[in-house]
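Peer 1: Could you have a look at this structure, given as structure tokens, before my questions?
The values are calculated or read from the model by the stated rules, or taken from the named source; none is laboratory data. Since this is a predicted model, take the numbers as computed values, not measurements. Every residue, glycine among them, receives a Cβ derived from its backbone with ideal geometry; neighbour counts consider all protein chains shown. With ligands, DNA and RNA removed, areas are computed over all heavy atoms of the protein, side chains included. Shrake-Rupley method; radii C 1.70, N 1.55, O 1.52, S 1.80 Å.
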Amino acid sequence: MTGVDETLAVLRALVVEGSTLELFAVSREVEQAPVVTRVLLGASLDLAFREAAVARAHDWGDRIGRPWAPSALVGPGEVMHLTVAGLLAGLQDTVTTGDVEPYDPRSGAEHLAMLTARLSTAAGVAVTFWRQLRPTMRLERARLLPALWTGDRYVRLEQEHVLLLDGRFDAVVVGGVALFTGKAAFEKMFDLVAELRRSSAATFASVTRDLRIEGLAQLEAACTSQPAMMAKLASVQRRLDSDPGYREAMTMDRVVEFVLAHPETEVEVLGAGADARLVFRPDHRRYKILKLLDDDYLHSLLTRRSYEANDKSGPL
């Protein structure tokens, strides 16, 4: 079995009986490091969390694994996976050691961002479940009118620090592998978009270093601010990292030659020879230059047709 197959097998094998659970809260203020605290549960809630965690594990364990990529989508019956890194890695280390203070809703509820359930089996296998908490999951912030039956009538429930939980989870971590189906939620929870933004400027400078592009500043602004374009730029960087000959092949002369021979790319070229330059247009053609840089055009030897590719493996 491959690494992800082994991970999915672990999820399928989880059972409620004999397992133990630790629950943690993650509070986070804007531009501040997250704070992890331990949440204590009564017996009935402990069982409910273990049952919900195992149900999620079995659901995802029966799916097909798909590697995460910035521009990839999760299809029906798939679960996306990636190697734990960055913010998630730090949080995983904290909940693994478990050496944190108890959670106090009187001081941490306002900035509550996530709940983390760490399930340990009798065989010593540990699986961590992550759930994003929206402000409306706190009763006092929910758009509900809570009513409590007192024996003869309903009265409004005035108690604070009540959480409205649905038993679902947004991500599961087994060993060094994270799995999820809600790609946008996962990326937001663990700052993947912020990491893309930090790396996109360096990638853009590297990949356009030897190219002449009119509207270069506009293209750079788009590539370092728009998530979809940052994702496309990350795909270009993976090609640069994995194929030593890729950069040498992507020269200005070759790009211009290809564009002039294939007007269907919709990339505009101004000038000729040493004065030739690509033109960035911030309209429906804004992705066209990036598609060139990502080598998104293929020619079929069988049908002699040219195609725009959405996904490719390595070169033959």
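Peer 1: Gln32: outside any strand (DSSP E or B) and modelled with pLDDT under 90, yes or no? Steps first, answer last, please.
Peer 2: Working: outside any strand (DSSP E or B): yes; modelled with pLDDT under 90: yes.
Answer is yes for this residue.
Peer 1: Take Val279 and tell me if it is in contact with an Asp or Glu (Cβ under 6 Å, 6 or more places away or on another chain) and either in contact (Cβ under 8 Å) with a residue 12 or more places away in the chain or within 30 Å of Asp191 (Cβ to Cβ) (or both).
Peer 2: On the way: in contact with an Asp or Glu (Cβ under 6 Å, 6 or more places away or on another chain): yes; either in contact (Cβ under 8 Å) with a residue 12 or more places away in the chain or within 30 Å of Asp191 (Cβ to Cβ) (or both): yes.
Considered against the rule, which asks whether it is in contact with an Asp or Glu (Cβ under 6 Å, 6 or more places away or on another chain) and either in contact (Cβ under 8 Å) with a residue 12 or more places away in the chain or within 30 Å of Asp191 (Cβ to Cβ) (or both), Val279 comes out as yes.
Peer 1: On to the next question. Being of a type outside the set (D, E, K, R), open to solvent by less than 50 Å² (accessible area, probe 1.4 Å) and in contact with a His (Cβ under 9 Å, 6 or more places away or on another chain): is that true of Val4 here? Steps first, please.
Peer 2: On the way: of a type outside the set (D, E, K, R): yes; open to solvent by less than 50 Å² (accessible area, probe 1.4 Å): yes; in contact with a His (Cβ under 9 Å, 6 or more places away or on another chain): yes.
Yes, satisfied.
Peer 1: For the range 88-104, which positions are surrounded by 12 or more Cβ atoms within 10 Å (Cβ to Cβ) and out of contact with any strand residue (DSSP E or B) (no Cβ under 8 Å at 6 or more places or on another chain)?
Peer 2: Of everything in the range 88-104, those that are surrounded by 12 or more Cβ atoms within 10 Å (Cβ to Cβ) and out of contact with any strand residue (DSSP E or B) (no Cβ under 8 Å at 6 or more places or on another chain) turn out to be Ala89, Gly90.
Peer 1: Tell me the residue from Phe190, Phe280, Phe186 that is more than 29 Å from Val79 (Cβ to Cβ) and in contact with a helix residue (DSSP H, G or I) (Cβ under 8 Å, 6 or more places away or on another chain), please. Steps first, answer last, please.
Peer 2: Values: Phe190 fails: more than 29 Å from Val79 (Cβ to Cβ); Phe186 fails: more than 29 Å from Val79 (Cβ to Cβ).
Going through Phe190, Phe280, Phe186 in turn, just one is more than 29 Å from Val79 (Cβ to Cβ) and in contact with a helix residue (DSSP H, G or I) (Cβ under 8 Å, 6 or more places away or on another chain): Phe280.
Peer 1: Which one of these is open to solvent by less than 60 Å² (accessible area, probe 1.4 Å) and either more than 21 Å from the chain's Cα centre (by Cα) or under 23 Å from Pro67 (Cβ atoms) (or both): Val26, Val16? So that I can check it myself, show each step before the final result.
Peer 2: Numbers: Val26 fails: either more than 21 Å from the chain's Cα centre (by Cα) or under 23 Å from Pro67 (Cβ atoms) (or both).
Matching residue, one of Val26, Val16: Val16.
Peer 1: Then there is this: List the strands (runs of 3 or more DSSP E) that sit entirely inside the range 231-316 and contain at least 2 residues that are open to solvent by less than 70 Å² (accessible area, probe 1.4 Å) and either of a type in the set (D, E, K, R) or at pLDDT 80 or above (or both). Working first, answer last.
Peer 2: On the way: elements: 268-270, 277-279, 297-299, 306-308.
Output list reads 268-270, 277-279.
Peer 1: If you don't mind, another one. Do we have Leu82 as open to solvent by 80 Å² or more (accessible area, probe 1.4 Å) and farther than 22 Å from Asp166 by Cα here? Outline the logic, then answer.
Peer 2: Numbers: open to solvent by 80 Å² or more (accessible area, probe 1.4 Å): no; farther than 22 Å from Asp166 by Cα: yes.
Criteria not met by Leu82.
Peer 1: Can you find even one residue in the range 45-66 that is in a strand (DSSP E or B) and without any contact (Cβ under 8 Å) to a residue 24 or more places away in the chain? Lay out the reasoning, then the answer.
Peer 2: In the first step, residues of the range 45-66 are kept if they are in a strand (DSSP E or B); the result is 64-66.
With without any contact (Cβ under 8 Å) to a residue 24 or more places away in the chain added as a condition, the list becomes 64, 66.
Scanning the range 45-66, I find at least one residue that is in a strand (DSSP E or B) and without any contact (Cβ under 8 Å) to a residue 24 or more places away in the chain, so the answer is yes.
Peer 1: So, one more: Counting just the residues of the range 35-44 that are open to solvent by 40 Å² or more (accessible area, probe 1.4 Å) and in contact (Cβ under 8 Å) with a residue 24 or more places away in the chain, which one comes out farthest from Phe190 (Cα to Cα)?
Peer 2: Going through the qualifying residues, I end up with Leu40.
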